[in-house]
Every structure is written in structure tokens, then in C-alpha cells.
Amino acid sequence: MNQNGMIAAGSDFPVESINPLFGFYAAVSRKDQKGYPENGYMKENALTREEALKAMTIWAAYASFMEHETGSIETGKFADFVIMDDDLLKVSEEKLWQLKVLSTYIGGRKVYQRGE
């Protein structure tokens, strides 16, 4: 972040879980789902929630030369997004990795609906 003003983030699947909320939580809290280490690992390297969201969307699209097609909700882009059960920018830190995806859209088309 200090060197480039941005960082691209994503999962290390299959090494880590494919669940992007686990990576989001780790980037912000610098802890695992068990809350370890208690004060976070190298907490000075934690991202803000806004930075973590950009790292997984806008900045990741830029890093893969796809910033004109994906990474944000704008006219002319693919419209890939999820609707969640709470606001990941406001929910308590310890609940970040436990948020539920209610629906998923790819190319503006619903491809997943929780409970269906």
C-alpha cells in the first residue's frame, strides 16, 4: 500500500478457503476465524475496510487489466456483485467473516439465491 497506493487481494485457494469473507476479515483484523492472534498479526499492515473492499474489487480488476470490464458497478461493466445480510463496512469486526451472501449476480443475472 505504501509503495503503490493499492494492493490486489484474493484467496489463495486451494491453500486457503475460497470464501472471500475470510480473506476480507484477515486483511482488516489480521486474525484468523478463531481470533488468533489476540491483537492481530503485524496489525500495522491491516487494511481499512474500504481498502480491503477495493483490494478485492477495483484494484484486483486493475491488476488483471480488467478495470474497464469489472471491479465496480458502472455502466458498461459486467455487473458481478453479491447482496449480503449486513453491511460489511459497518458490522462488528468479529462478525465480518460470518456474513451471509443472500444472492449472487454475474453479468447482471442472478446465479444464486440463499435458501433456494
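Taking the criterion of being of a type in the set (Asp, Glu) and within 14 Å of the chain's Cα centre (by Cα), would at least one residue in the stretch 71-80 satisfy it? For the stretch 71-80, residues of a type in the set (Asp, Glu) and within 14 Å of the chain's Cα centre (by Cα): present.
Scanning the stretch 1-37 for residues that are among the aliphatic types (A, V, I, L, M), under 17 Å from MET84 (Cβ atoms) and touching a helix residue (DSSP H, G or I) at 6+ places or on another chain (Cβ under 8 Å) turns up LEU21, ALA27, VAL28.
Being free of Cβ contacts under 8 Å to residues at least 12 places away in the same chain and farther than 30 Å from LYS34 by Cα is the filter here; which residues of the stretch 71-110 pass it? Those that are free of Cβ contacts under 8 Å to residues at least 12 places away in the same chain and farther than 30 Å from LYS34 by Cα: ILE73, GLU74, THR75, GLY76, LYS77, ARG109, LYS110.
Each reported figure results from applying straightforward, stated rules to the coordinates on display, with no laboratory input. All values derive from a computational prediction rather than experimental measurement. Virtual Cβ from ideal backbone geometry, glycine too; neighbours counted across all protein chains shown.
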